[in-house]
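Below you'll find the structure, written out as structure tokens, and then a few comments.
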Amino acid sequence: KSIMKKITLLLMTILIYSCGNNKEEQMLYDYQQKNVKSMNFDLKDLDYNAQKVEKIADITSKDSMKILKKEFAEFWKKNPEQSLVDTLSFQYVKNVLNKSITQQDTLQKLYQKAVLTAIKIDDYSYRLESERKRDKAIDEMYDYKETLSKIEKLETQYNEYGKSPDEVLSTKYKANYSLKNPMLGNTKQTFEKYFYTNKTQTEFIKEELTTEEK
């Protein structure tokens, strides 16, 4: 009897599990629940239904390196061609930025001296012009510094990914689901979207925006 009882319990557990969400469907449910909760709704009240959640591809460190390199090249040129993305080096751009920072720092100091000279000789228009040029040099210097800081962060992340290029950082899934949209009078809508997991594959952390949402 004891063995039969254990078998019965095991079969019941399997049956219950098979009727529920699989791991990917549950991750999608949890992700959507967070979204609607932020708008004071509950997914259970929106006739939510996941039709299909399928894996598309793993996203590795190598993939992320390519994305970072393109983002880096965009600091240098808008819509860079692939050859530039592949060949532009972090060191080269950092050198250019550091030279530009030094040049603007030198200029702002020269213009500040001109301001002091204008004050001494009581030349108001010369003072205003020198102050304008000084402030412009300072603004450009800080713009270059800000860009340099962003590039250094990209480089650090790029190098970190390079240590384990085949490591899986996320997985991309395509999901088809439907729900009532409370913002449209509970109109039932069907969606097909792409979602990305966290590194441990335990939850969806972001979705790929459609053209209309961007």
Is at least one residue of the range 140-150 acidic (Asp, Glu), surrounded by fewer than 16 Cβ atoms within 10 Å (Cβ to Cβ) and free of Cβ contacts under 8 Å to residues at least 60 places away in the same chain?
yes
Pairs under 6 Å by beta carbon, first residue hydrophobic (A, V, I, L, M, F, W, C) and at pLDDT below 95 in the range 16-41, partner open to solvent by less than 100 Å² (accessible area, probe 1.4 Å) and part of a helix (DSSP H, G or I), six or more apart or different chains?
VAL36/LEU43; PHE41/PRO182
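If you take the residues of the range 156-167 that are in a helix (DSSP H, G or I) and open to solvent by 80 Å² or more (accessible area, probe 1.4 Å), which of them is nearest to THR106 (Cα to Cα)? Break it down into steps so the answer makes sense when it comes.
Filtering the range 156-167 for residues in a helix (DSSP H, G or I) gives 156-163.
Those still in the list that are open to solvent by 80 Å² or more (accessible area, probe 1.4 Å) too: 156, 159-160, 163.
Details: THR156: 29, ASN159: 33, GLU160: 35, LYS163: 39 Å.
Only one residue tops the list, namely THR156.
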One residue from LYS172, LYS153 being assigned to a strand (DSSP E or B) and within 15 Å of the chain's Cα centre (by Cα)
LYS172
So, in the range 109-132, of the ones that are polar (S, T, N, Q) and more than 42 Å from the chain's Cα centre (by Cα), which residue ends up most open to solvent (accessible area, probe 1.4 Å)?
SER125
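Would you call LYS136 in a helix (DSSP H, G or I), surrounded by 14 or more Cβ atoms within 10 Å (Cβ to Cβ), out of contact with any helix residue (DSSP H, G or I) (no Cβ under 7 Å at 6 or more places or on another chain) and not β-branched (Val, Ile, Thr)? First the steps, then the outcome.
Details: in a helix (DSSP H, G or I): yes; surrounded by 14 or more Cβ atoms within 10 Å (Cβ to Cβ): yes; out of contact with any helix residue (DSSP H, G or I) (no Cβ under 7 Å at 6 or more places or on another chain): yes; not β-branched (Val, Ile, Thr): yes.
Yes; evaluated as a whole, the condition is true for this residue.
Inspect the range 73-81 for any residue being open to solvent by less than 100 Å² (accessible area, probe 1.4 Å), among the hydrophobic types (A, V, I, L, M, F, W, C) and part of a helix (DSSP H, G or I) and give the result as yes or no.
Yes.
The values are calculated or read from the model by the stated rules, or taken from the named source; none is laboratory data. This one's a predicted model, so the numbers in the text were calculated from it and none came from an experiment. No Cβ is skipped: glycine too gets one built from the backbone with ideal geometry, and neighbour counts run over all protein chains shown. Ligands, DNA and RNA are stripped out before the accessible areas are found, and what is left, the full protein with its side chains, is counted by its heavy atoms. Shrake-Rupley method; radii C 1.70, N 1.55, O 1.52, S 1.80 Å.
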